[in-house]
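Chemist: Structure below; questions to follow.
The values are calculated or read from the model by the stated rules, or taken from the named source; none is laboratory data. These numbers were taken from a predicted model, which means no experiment stands behind them. Here the Cβ is made from the backbone with ideal geometry for all residues, glycine too, and neighbour counts use every protein chain on show.
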Amino acid sequence: MKKFRLPYTPIPDINITALVDVTLVLLIIFMVTAPMLKSALDIEIPQAANALTTSEEGIEINIQKDGTIYIDKTPIPVEQFEIAFQQVYAPASHEPVFLRADQEVPYRDVLRVIDVLRGSGVQDLGLVAEPLVKK
């Protein structure tokens, strides 16, 4: 008896099982790490009983405990903050600005930043606070 071999013919279907597995693993990794990336700066925000959550997008101004000011995760020297903010913000856009300050930052430093923001034409300014955790 002779055995006949059929010639190799490729299967025209694409096997996407491995692609789906890798995609789902990446999706899970991004879902877990995304909330951690939002608060990359070390700022201890004060708590407020009536703090509201918002899904609005806008410019973030962060003031750290040591007085360092960040505009959307970019560190800015205090003396250059006004010029740097005016380069980023367009008053005609009416884009909201969110101010996050560490609870140990002196009130006068926060007011100085608010004064610069108002002087630059900011109409929609939000002060960020964490919801009060009841114990």
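Chemist: Any residue in segment 86-100 that is touching a residue at least 40 places away in the same chain (Cβ under 8 Å) and at negative phi sitting within a Cβ distance under 9 Å of a residue that is outside any helix (DSSP H, G or I) and charged (D, E, K, R)? List the pairs, counting only those 6 or more apart or interchain.
Modeler: Close Cβ pairs satisfying both conditions: P96/E56; P96/E57; P96/D124; F98/E56; F98/E60; R100/E60.
Chemist: Can you give me the number of residues within segment 108-135 that are surrounded by fewer than 12 Cβ atoms within 10 Å (Cβ to Cβ) and either of a type in the set (G, A, S) or at positive phi (or both)?
Modeler: Residues flagged as surrounded by fewer than 12 Cβ atoms within 10 Å (Cβ to Cβ) and either of a type in the set (G, A, S) or at positive phi (or both) within segment 108-135 amount to 1.
Chemist: When segment 100-117 is examined, which residues are found to be of a type in the set (K, R) and within 23 Å of the chain's Cα centre (by Cα)?
Modeler: R100
Chemist: Hey, can you tell me all the residues within segment 1-43 that are among the hydroxyl-bearing types (S, T, Y), at pLDDT below 90, over 30 Å from V128 (Cα atoms) and in a helix (DSSP H, G or I)?
Modeler: Selection gives T17 alone.
Chemist: Would segment 69-76 turn up any residue that is farther than 24 Å from T54 by Cα and under 20 Å from the mean Cα position of the chain (by Cα)?
Modeler: Within segment 69-76, one or more residues are farther than 24 Å from T54 by Cα and under 20 Å from the mean Cα position of the chain (by Cα).
For every residue, the table says whether it meets (1) touching a Ser or Thr at 6+ places or on another chain (Cβ under 7 Å); (2) closer than 20 Å to T68 by Cα; (3) modelled with pLDDT of 90 or more; (4) among the charged types (D, E, K, R).
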{"residue": "F98", "(1), (2), (3), (4)": "no, yes, yes, no"}
{"residue": "Y107", "(1), (2), (3), (4)": "no, yes, yes, no"}
{"residue": "V116", "(1), (2), (3), (4)": "no, yes, yes, no"}
{"residue": "G121", "(1), (2), (3), (4)": "no, no, no, no"}
{"residue": "L127", "(1), (2), (3), (4)": "no, yes, no, no"}
{"residue": "V133", "(1), (2), (3), (4)": "no, no, no, no"}
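Chemist: How do the pairs read when you match residues in segment 113-133 that are assigned to a loop (DSSP other than H, G, I, E, B) with residues anywhere that are modelled with pLDDT under 90 and of a type in the set (G, A, S), using Cβ under 8 Å and keeping only pairs 6 or more apart or on different chains?
Modeler: Every condition considered, the pairs that remain are D124/G58; A129/A48; A129/A51; L132/A48; L132/A49; L132/A51.
Chemist: Looking at Q103, Q80, Q86, can you tell me which residue is modelled with pLDDT of 90 or more and of a type in the set (S, T, N, Q)?
Modeler: Among Q103, Q80, Q86, only Q80 is modelled with pLDDT of 90 or more and of a type in the set (S, T, N, Q).
Chemist: Continuing with the same structure: Give, as residue ranges, the strands (runs of 3 or more DSSP E) completely inside segment 61-107 that count at least 2 residues that are in contact with a helix residue (DSSP H, G or I) (Cβ under 9 Å, 6 or more places away or on another chain) and crowded, with 17+ Cβ neighbours inside 10 Å.
Modeler: 69-71, 97-101
Chemist: On to the next question. If you scan segment 44-55, which residues turn out to be at pLDDT 75 or above, assigned to a loop (DSSP other than H, G, I, E, B) and within 26 Å of T68 (Cα to Cα)?
Modeler: Answer for segment 44-55, where residues must be at pLDDT 75 or above, assigned to a loop (DSSP other than H, G, I, E, B) and within 26 Å of T68 (Cα to Cα): just P46.
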